[in-house]
Structure formats: structure tokens, C-alpha cells
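Heads up: the structure comes next, in C-alpha cells.
The values are calculated or read from the model by the stated rules, or taken from the named source; none is laboratory data. Remember, predicted model here, so these are calculated numbers, not experimental data. Counting neighbours? That spans all protein chains shown, and the Cβs are built from the backbone with ideal geometry, glycine included.
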């Protein structure tokens, strides 16, 4: 199945402890059906000190299920993502506005 959400997309959380928060997708894991979103599903992880890292307790964004995310359209509202052919190219579009997401 084609990826409806991709790295760099602005999304809003639909369910869970961070419901209503917005963020940008940093990483997508299609096999697990999860994505890492900046500032969402944060947890404290203990980090060993290295030459390049101070170490200590550091916040880290953990993966969240893709089904709990919705793309944010041009109006700032959550929307579903669809696919259509424009010429000979397959493009993603926002179902609420009909705008093409990636041209």
C-alpha cells in the first residue's frame, strides 16, 4: 500500500495521551505501522555520557501508531489523504480541500 503519511508531513494526533498536539513526522516505520513525531509521545531516556554527548536524563520522542495521526491541511484542520492521477503522475491530495499535497 502506498504511504499516506511521509517524513516531513505536518500531522495532528487523534487519540492517546497527546490528543490534539501537532508536530512534524521525523521518521516513518511502515513495517510496524508507526511514525516518530516531533514533540509527541515523549519519554525520558537515560543516556550514557560520551565525548559528544553530555549524558543524563534526556527526553526522546517514541513511535506512535499511524492510525492515530491525521495530516494537517492548508486550513490547519485534520484531513484524510487520498491518491489520484494528474496526467501520468500519482499524487497525494487532502480529502477536505482537494488540494494536492506534493506536486
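Of everything in the range 1-20 that is in contact with a strand residue (DSSP E or B) (Cβ under 7 Å, 6 or more places away or on another chain) and surrounded by fewer than 12 Cβ atoms within 10 Å (Cβ to Cβ), the residue that is farthest from residue 95 (Cα to Cα) is 19.
In the range 21-41, the count of residues that are more than 11 Å from the chain's Cα centre (by Cα), surrounded by 15 or more Cβ atoms within 10 Å (Cβ to Cβ) and touching a residue at least 60 places away in the same chain (Cβ under 8 Å) is zero. Within the range 43-76, the set of residues being over 9 Å from the mean Cα position of the chain (by Cα) and either under 27 Å from residue 98 (Cβ atoms) or touching a residue at least 24 places away in the same chain (Cβ under 8 Å) (or both) comprises 61, 62, 63, 65, 67, 68, 72, 73, 74, 75, 76. With respect to residue 25, is the statement that it is at pLDDT 95 or above and under 19 Å from residue 94 (Cα atoms) true? Yes; evaluated as a whole, the condition is true for this residue.
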